[in-house]
Amino acid sequence: MNIVVSNVKGGVGKTTTAVYLAASAVERGFDPVLLVDADRQASSAEWLEARTVEGVELEEAPSERTVGRAMERHDGLAVVDTPPGDERIVRAAVERADAVVIPTRAGGVEFSRVVATVEMVPSKTPFGIVVCAARLGTNDLAQTVAWWEAEQIPIWGIVPERVAIASGPEARLSREGIEAYSDVLRRATRRRPR
Ligand SMILES: Nc1ncnc2c1ncn2[C@@H]1O[C@H](COP(=O)(O)OP(=O)(O)OP(=O)(O)O)[C@@H](O)[C@H]1O
Ligand SMILES: [Mg+2]
């Protein structure tokens, strides 16, 4: 199974989401778990090289061809981190996905970028958004959730803003983060029509 993490917008939480989804998959007993890093900046690769994510195999695949091949030849669960702005790589990954996770933030400017990403997802492929670095209890978040619900875009997770989740390759993954993303993983791996 291939779960692709995508949003054509940069800096929304794609790499954080991909790393935490892979770590949650290890905890839930998926084996093997592969993290396919399709971003030339190799930010997922940095997390893994720092060995903060045990049990996840890394494959760097920074082109349409390599990402397609990586997704087709494994027999476990792969989480694919995609680059911002490189629509061809995103498209190559999204076309082969069994589920697409779209990280986003609360706030109005995000909507059109999510819609642009959703439009790339093939019609039978399940997808859902994850609101990253959410400020729980704020009007901004409540309005964002209401907006997505009105648009009938499934919300697969709301991950709170936490220093421990933001801390990057040097630090261990946060327990709260793994638990929040474990729910996202459950939704992404559940087969259902959308
Ligand atoms: N739940 C969270 N709490 C706090 N900070 C977060 C959270 N999720 C993500 N961040 C922070 O937001 C920033 C952007 O996240 P990330 O690098 O995952 O985004 P990205 O979409 O992969 O970016 P790029 O498009 O550059 O690849 C990072 O500094 C990250 O630590
Ligand atoms: Mg990234």
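Please treat every number below as a calculation from the coordinates, not as lab data. None of these values were measured; they are calculated from a predicted model. Ideal geometry is used to build each Cβ from the backbone, glycine not excepted, and the neighbour counts take in all protein chains shown.
Calculated [222 nm] ellipticity per residue, helices only, for the chain: -11500 deg cm²/dmol; basis is -39500 (n - 2.57) per DSSP H run with n ≥ 4, divided by all residues, nearest 500. Normalising the Debye intensity of the stretch 115-194 to I(0), with uniform scatterers on Cα atoms only, and taking log10 at q = 0.11 Å⁻¹ returns -0.35. Scaled against 2.2 N^0.38 Å for its residue count N, the alpha carbon radius of gyration of the stretch 58-104 is 1.07. A straight line joining the Cα centroids of the stretch 158-172 and the stretch 24-65 runs 17 Å. Could you tell me which of rounded, prolate or oblate describes the stretch 2-187, using a ≥ b ≥ c as the square roots of the eigenvalues of the alpha-carbon gyration tensor, with rounded for a/c under 1.5 and, failing that, prolate when a/b is larger than b/c and oblate otherwise? Oblate, because a/c is 1.5 or more while a/b does not exceed b/c. Within the listed set 44, 112, 63, the Gaussian network model of the chain (springs between alpha-carbon atoms below 10 Å) gives the highest mean-square fluctuation for 112.
Once backbone amide H atoms are built at 1.01 Å from N, residue 127 has 100 as its partners under 5 Å, excluding neighbours fewer than 5 places away on the same chain. Neighbour counts of C-beta atoms inside 10 Å place 186, 175 in the sequence 175, 186, starting with the fewest.
Taking the number of other C-beta atoms within 10 Å as the exposure measure, put 187, 28, 172 in order starting with the fewest.
Listed from fewest to most nearby Cβ atoms, that is 172, 28, 187.
Given Cα pairs under 8 Å that are at least 6 residues apart, what percent is the relative contact order of the stretch 2-187? In percent, rounded to a whole number, it is 28.
Neighbouring Cβ atoms within 10 Å as the yardstick, rank 96, 40 fewest first.
40, 96
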